[in-house]
Structures are given as C-alpha cells and as structure tokens.
Ligand code: PLP
Ligand code: COI
C-alpha cells in the first residue's frame, strides 16, 4: 500500500510519520494486513521473549489443541491518535488482566500482565503508520490472542502455546455508524449457566456464529441473549454489553455472572457516576421491563461497538421501539459517548491511569 506523509505540529521533521494512504473514513470493521505482529511461544513451562515479525502466517501441527478442542482466547482494544497527535491506548491493564483470567479458566498459561502491556505498546509502535489520524473516524484495533499449539488428541490442555498480537485499522462495527440498529431476542444461548460467558474464549463466539447468520438473514443487526437459565433477564449481545436509560435519566446496566465484564461498560459506569453525576443501577434487568416501556434509550457498548444505539428490539413477533427513535442516539447515551470518546481522543482529562501513551 502507498504511503502519504503527515506532519504533526508537535513533532520535528525527524519524527515525521508516514501514514498509510487509506481512505480512513470509509473503513468498516474488517481485517487489513499490517506491517508487524508480535509472537511469543510457551514451551517447557516458560514463555520466550517474543519477537515482532513480518510473517502473518501461523504454522502448527494438524493436531494442535486449538484446532481439536478450541483452546483459545483473545482480547480487543484500540489505539487512538489524540487531538494533539499522540498515540494512546485505553486501559490496556484491564485487557491484560481479563486475558489473564480467560487463560486461567481455559487452563492456559497467562502471559505476564506487565509484559502483555509492553508487547501491545511495541506492536502498536511498530505499526504507527497504520494508526488512523485524529478525526478520521477510524482507529487501530488491537487483537491479542493465544492458542494451544502442540498436538493433543485426548481431551486435555496443550503443553505448548502461542501468544500473538495483530493490529488492523477499523471503522464502525455496525454499518451505518451512529444510526440506531434493530436487535432481536435470540432463541439460542450464548453462554451456559456457570460456563464461560464471563471470559473471552473463542468458543463463545463460535457458538454465536449460527445465531448471527440467522439474525442477519432475518434482517436484524445483532442478537440479544437472555439468561440461559430462565430466559427472563437481559444478558448481552454477541459482541457487546447492553446499556439502558430510564425515563428519569438513570443509567441501567445488566449484571450477570455469565456476561463479559466489558471494559467500556465499566468505564461508562464510572463516567456516569463520577464525571456526569448520573444515577446508575447495576442490577439484574428483566426483559419484561422493556415490554413495560420502562426505558427511553438503549445501546450496546464495547471496544468495537463503542456505544451503538439500539432503536428497536424484536421479540417473537412483537417489536419494542425506544422513544429515542431510529434516527439518532438518545441524549443520555450521546453525553456518555461524547465523554468516553473525548477521554480516548485526548479532548477531555482522563481519570488517573486510563490512558497509556505510546511514545
Ligand atoms: N461482550 C462481548 C461478548 C464482547 O465480545 C465484547 C467485546 O470485547 C464486549 C462485551 C465489550 O467488552 P469491552 O468493552 O471490554 O470491549
Ligand atoms: C471487541 O469489542 O473488542 C470485541 O472483541 C467484539 C468482537 C465481537 C469484535
């Protein structure tokens, strides 16, 4: 791909960054091969130092644990260019910790948290030309992942693993960007009670593939999963947590032990309570409350989704439309969105420890 030269006022000519010549504003959420990726291997009970490589292929045995028994987990975070031209990531320590937790649940050897963050920084730095310019509407998505790499045929954890980090420039997760979407209550479950819904295991996403293809065929953007035990409580969607706003402006976020502890959601709850002075309820949310018209606004939140507004929820022949409508995000979610992205893009002061500068 060709390069174009972008000068940042704050940097001298020697620090000139050659950005890739991409139409950043038209990017969707897809994979584009970038220059460098990080690879570390675990063997004989220890991780090696890891390297950055140009090689985007993976060579493993046909019997690898990941291929036979899906022993793999991953993370997702983003690098942003701030208003003043710095490259930053948002709370990578929480992604590192969550991947640590995912590894323990899947009997995989966690990659040490400090080194995990260093590896993310190194990988982003090596792909600086791929970090979308400020204001372009795009970001650099960072995908750390790990898998069992040696041969396993009896059902047991692998002895050898590979930890990799790839990065790829992305635009909005849902087509149409900030336009409200329609989701449907799924007949399939995403997670089992006491299963793996709370970790970022590849298997959770494999489970959701049929449901998402089916939802798209039927004209819906995403699936809303209810709790697998009773199918009465709101859990989350295939790739994001759920946000709801009551008539009095209170932010309501579903609490459940089988949803992914979204870093975006946890950050929004903090922002709502401590920066915007809003009331927040983190609790079990019955789907009946949606039927009863208790909520003014609804949205999905996550690294990929940021905050994507939901205009309607379809449930077995009935449609529940939120008063915020199908044209734009409601005012409360918009305020949360502006504050979150303002912090991520350096326009607003971040709470202590939220921003990791890559220099
Ligand atoms: N829920 C699921 C199932 C996800 O895949 C994601 C994406 O990571 C999220 C929620 C949002 O989590 P985060 O805000 O940490 O990206
Ligand atoms: C993310 O938001 O990082 C995710 O992993 C969601 C995924 C469905 C793209």
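Each value in this text was obtained by applying a stated rule to the coordinates, not by laboratory testing. Source: prediction; values computed, not measured. All Cβ positions, glycine included, derive from the backbone under ideal geometry; neighbour counts span all protein chains shown.
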FRET efficiency, 1/(1 + (r/R0)^6) with R0 45 Å, evaluated for residue 151 and residue 29 via beta carbons:
0.85
Semi-axes of the range 181-344's equivalent ellipsoid from the Cα gyration tensor, sqrt of 5 times each eigenvalue, largest first, rounded to whole Å?
23, 18, 15
For the chain, the Cα-Cα pair-distance distribution in 10 Å bins from 0, as whole percents, is 5, 23, 32, 26, 12, 2, 0
Which FRET efficiency value, to the nearest 0.05, is calculated for residue 291 and residue 359 with the Förster distance at 45 angstrom and r the Cβ-Cβ distance?
0.30
How long is the gain from residue 352 to residue 83 if the chain were fully straight, where each residue apart is worth 0.36 nm and the alpha carbon distance is subtracted?
95.0 nm
Provide the FRET efficiency to the nearest 0.05 for the residue 321-residue 97 pair, computing r from the beta carbons and using R0 = 51 Å.
0.85
Highest-MSF residue in the chain out of 21, 41, 204 [GNM, Cα springs under 10 Å]
21
Averaging sequence separations of C-alpha pairs under 8 Å and six or more residues apart, then dividing by the length of the chain, give the relative contact order as a whole percent.
18
Return, for the Cα atoms of the range 243-337, the radius of gyration and Dmax in Å, separated by a comma.
12.7, 40
Gaussian network model of the chain, Cα springs within a sub-10 Å range: biggest mean-square fluctuation belongs to which of 243, 27, 140?
27
Per the Kirkwood formula over distinct C-alpha pairs, the hydrodynamic radius of the range 121-278 in angstrom is 18.5
I need the Debye-formula profile for the range 5-171: one equal scatterer per C-alpha, no solvent, reported as log10 I(q)/I(0) at q = 0.08, 0.16, 0.20 1/Å, two decimals.
-0.27, -0.92, -1.27
Could you list the residues of the range 73-98 with an amide nitrogen less than 14 Å from a label point located 7 Å from the Cα of residue 47 in the Cα-to-C-beta direction?
73-75, 93-98
Quick one: what Rg and Dmax do you get for the range 142-225 from the alpha carbons, in Å?
16.5, 48
